[in-house]
Amino acid sequence: MRFRSGQFGLFSVKRFVPLPRFARLGRSPWKLAISTFLLIIMTVNLIAQFSVSSVAQDIPKVLQMGTSADYKPFEFHDTSGGEDKIVGFDVDIARRLSEDLGFKLEIVDMDFNGLIPALQSQRVDFVMAGMTPTPERKRNIDFSQIYYEAKNTIIAKQNNSLTTIASLYGKTVGAQLGSTQEEAVKTMNQEAAKQKKPAINLVTRNRVSELIQEIKANRIDAAIVEDTVAQGYTGVYPDLQFSVIENNEGGYAIAFPKGSTLVAPFNKVLATMKKDGTLERFAKKWFEDQGKPAGIGFQQIIPSIPYILGGIGVTLAFTLVSAILGFIWAVVLALMKIAEFKPFRWLANAYTSVFRGTPLILQIALVYFATPQLVGYDIPAFQAGVIAFALNSGAYVSETLRAGILAVDKGQREAALSLGVPYRLMMTDIILPQALKNILPALANEGINLLKDSALVSTIGAADLLRRATVVGAEKYLYFEPLIIAAIVYYVMVMLLTMGTSVLEKRLQRSA
Amino acid sequence: MLKVNNLYKSFGVLQVLDGITTQLQQGEVVAVLGPSGSGKSTFLRCLNLLEQPTSGQIYFKDVEITAPKCDILKIRENIVMVFQHFNLFPHMTVLQNVTYAPIKVKRLSKDHAEAIGMDLLRKVGLVEKADVYPSRLSGGQKQRVAIARALAMQPEMVLFDEPTSALDPEMVKEVLEVMRDLANSGMTMAIVTHEMGFAREVANRILFLNEGKLAEDTTPQQFFTNPQCDRAKQFLDKML
Ligand SMILES: Nc1ncnc2c1ncn2[C@@H]1O[C@H](COP(=O)(O)OP(=O)(O)OP(=O)(O)O)[C@@H](O)[C@H]1O
Ligand SMILES: [Mg+2]
């Protein structure tokens, strides 16, 4: 089968698996009934024991849903008009679940890669993100029944013959990192090996939109993408085509932490939704208006520009808070480095060495994902980013500061001492102000670097400038346009900062 | 007022002060002379504990300031020092330089400290420079501010380490003038200097250091007309 954009709208053949096909251990409805029954008995017991109010269930009042809202039409940010809502097929289902089970739904947006760690660290209660229950995943997390059966497609440039799995052998093919499509390509390669055909060269990217750009740039020959998504992109880019791969057993299910008690009640509601036609209605709503772009390129972005610009505040706040905390920390470290007490020096030097010797993006990920597991605090992305940045920047600035302090004439120290000035005052009033003046250009540079590096927090889902630009890109099936807008905004901010510091420098030069 | 007993100081293997014992009376002005490297600066810096003596004792008004439990900061408030290179705080105005320590260390009110500061600036002839930054001053002006800054602590004793050595010759006089006035006001002073005329005129006593030893401890009259040791004779021959 081969589809061109616009030709594929036959939703009527939508494919829902028969109900008893449960993700975990292929449970039968019988087992489900029994476990539900047991659950009810346990709940009743609990209520009796603690005489909790009669409406108490085992569903908490608030549930957090993890998702990666860059996967239109399943979950994406609707940013037109400056306000930001996460919407889509999965979100509608989640809302219905929250109504039926009586919990308040909170959506947590993050990178697809972070979803399973988030479940394992109990950061979220469940995940709806077009996630396929593969055997590997089932080892670490639980799944509901499949609520949507997905088909993989090969997306490639028009007029080449990459329409079947066999045609991909020996080619370079992309898939989203950590997705079932990535697994699918690996499976294809096992098949290729059996048939003694050349293997597919697998390339992964974080987002589908990046895969599309790689095809357009001829860096990869094709990509494996879920069909509704492929439909959207081929609608925007007429030079692309997609072909459904028939023998695929994909499907989407809700993911839970291992052993979650939510699986049974969620499955019950999904069954009802399937029976009363709700799922079909949602599918019609989200999948049928695909492939009708409103204008081209930047024109499409215009309604979302206020939303992107809203990220300036986040980026600036983030940079400012990180810079201030990082600086305070740097002062402490620098003082330790010049202390008489040797262990202080060793500690501060070891610290600096570690934080300068490891990538910042790794430090961010560690703080974000390890904090909940180590201290049990569910740290928000913004805070995790600020902490990681402050710890990192502190290491760099402490070195600059130490050099700046040592560069202050030692006569200053003697003059202060010989007037009976205590150490702390001497540092804050005499030495540090002079050291700061010496290193001001270096500090300004650090500030500019922080501002630019702040884009790294988008990897843990903080809604900064870059994150918002990519979100809009996913919504509109565009890649460059929102990024160019973000680039311009970053550049303007960096220029303003540069000008500001040179004015400040001149003024300080005049004062002494 | 100040008693030094058997003072030793070494930097690693280098013996710089080699058993110095002497006394200073209240209001006395002592000139410390000696060849370069003889330990004059080190001796002076030991007196307000900028250098920690290796052994020996220093008593200030019968309190042993070399004792471990002694509050060094409190002593330094009373024994202030003026340096060869002025060491003014470049990020503060002249008046701020003068009032900083009285406000922050002695906890005087700002008004009180500024009244004292302006009075001192008048005495050293720099009232009109009160709001100027040190980078705008000549060397002689800087050193006069540094003296005002030291005096603003209302100390009981002032140490001078070659206060005119970094100055152009035409500026030496204005600084010596200020120091002479200070000596005449009865301040206790210890001065390391190469200005032989000044030492002879203003000092009550001469301490001559040679290789870390106190080679002569005598009156200016005696020292300049009839030095006892050969080293002092050679030194004077070179200087005069
Ligand atoms: N912090 C220090 N560490 C090591 N050696 C030092 C230190 N300070 C001074 N010295 C040495 O001690 C000796 C005496 O130095 P000091 O500065 O007291 O001499 P001085 O009499 O003041 O000489 P000058 O007339 O040149 O100022 C010199 O050999 C000097 O190099
Ligand atoms: Mg000296």
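The values are calculated or read from the model by the stated rules, or taken from the named source; none is laboratory data. Fair warning: this is a prediction, and the values are worked out from it, not measured in the lab. Glycine also receives a Cβ, built like all others from the backbone with ideal geometry; neighbour counts cover every protein chain displayed. Surface areas here come from the heavy atoms of the whole protein model, side chains and all, with no ligands, DNA or RNA. Shrake-Rupley method; radii C 1.70, N 1.55, O 1.52, S 1.80 Å.
For the stretch A:160-209, the list of trypsin sites (Lys or Arg not before Pro) that fall in a loop by DSSP and count at most 13 other C-beta atoms within 10 angstrom reads A:LYS196. Run the paramagnetic zone check for A:LYS196: 7 angstrom along Cα to Cβ, then residues of the stretch A:148-186 with backbone nitrogen under 18 Å. A:169-170, by backbone N distance to the label point.
Of the solvent-accessible surface of chain B, computed with a 1.4 Å probe over protein heavy atoms with every protein chain present, carbon and sulfur atoms account for 47 percent. Taking all protein chains together and a 1.4 Å probe, the residues B:LEU176, A:LEU115, A:LEU406, A:LEU504 rank A:LEU406, A:LEU504, B:LEU176, A:LEU115 from largest to smallest accessible area. Interface B-A: total buried accessible area of about 1900 Å², 1.4 Å probe, protein heavy atoms only. Here the accessible area is traced with a 1.4 Å probe on the protein chains. For the stretch A:152-244, carbon and sulfur cover 47 percent of it.
Panel note: contact residues of the stretch B:83-108 (accessible area lowered by at least 30 Å² against the chain on its own; 1.4 Å probe) correspond to B:PHE83, B:ASN87, B:PHE89, B:PRO90, B:HIS91, B:TYR100, B:LYS104, B:VAL105.
So what is the relative contact order of chain A, in percent, for Cα pairs below 8 Å that sit 6 or more residues apart? Walk me through the numbers on the way to the answer.
Details: 804 pairs, mean separation 91.3, N = 512.
In percent, rounded to a whole number, it is 18.
When only alpha carbons are used to place a centre, the stretch B:14-60 and the stretch A:114-182 end up 82 Å from one another.
Ignoring everything except DSSP H segments at least 4 long, calculate the 222 nm mean residue ellipticity for chain A; use -39,500 (n - 2.57) per segment, divide by total residues, nearest 500. Mind dumping the intermediate values first?
On the way: 19 runs with 278 residues, N = 512.
Value at 222 nm, helices only, nearest 500: -17500 deg cm²/dmol.
Measuring nothing but how far apart in sequence close Cα pairs (under 8 Å, 6+ apart) lie, relative to its length, the stretch A:152-244 scores a relative contact order of 45 percent.
For A:ILE431, the solvent-accessible surface computed with a 1.4 Å probe is close to 10 Å², ligands and nucleic acids excluded.
Based solely on its DSSP helices, what 222 nm [θ] is calculated for chain B when runs of n ≥ 4 H residues each add -39,500 (n - 2.57) and the sum is averaged over all residues, nearest 500 deg cm²/dmol? Display every interim value, and only then the final one.
On the way: 9 runs with 92 residues, N = 240.
Counting only the DSSP helices, I get -11500 deg cm²/dmol.
Surface listing: B:CYS70, B:CYS46 arranged by accessible area from highest to lowest gives B:CYS70, B:CYS46, probe 1.4 Å.
Compute the accessible area per residue over chain A, keeping the other protein chains in place, probe 1.4 Å, unit Å². Can you show the working numbers first?
Values: 23440 Å² over 512 residues.
So chain A comes to 46 Å² accessible per residue, rounded to a whole number.
Of the residues A:PHE327, A:PHE89, A:PHE112, ranked by 1.4 Å probe accessible area with the largest first, the sequence reads A:PHE327, A:PHE112, A:PHE89. Can you list the lysines whose alpha carbon sits under 16 Å from that of A:LYS138, skipping same-chain ones fewer than 8 residues off? A:LYS138 reaches A:LYS258. Label sites at A:VAL62 and B:LYS238, each approximated as a point 7 angstrom past Cα along Cα to Cβ, lie 8.2 nm apart. Would you mind telling me the antiparallel percentage of the DSSP bridges in chain B, rounded to 5? Within chain B, antiparallel bridges account for around 55 percent of the total.
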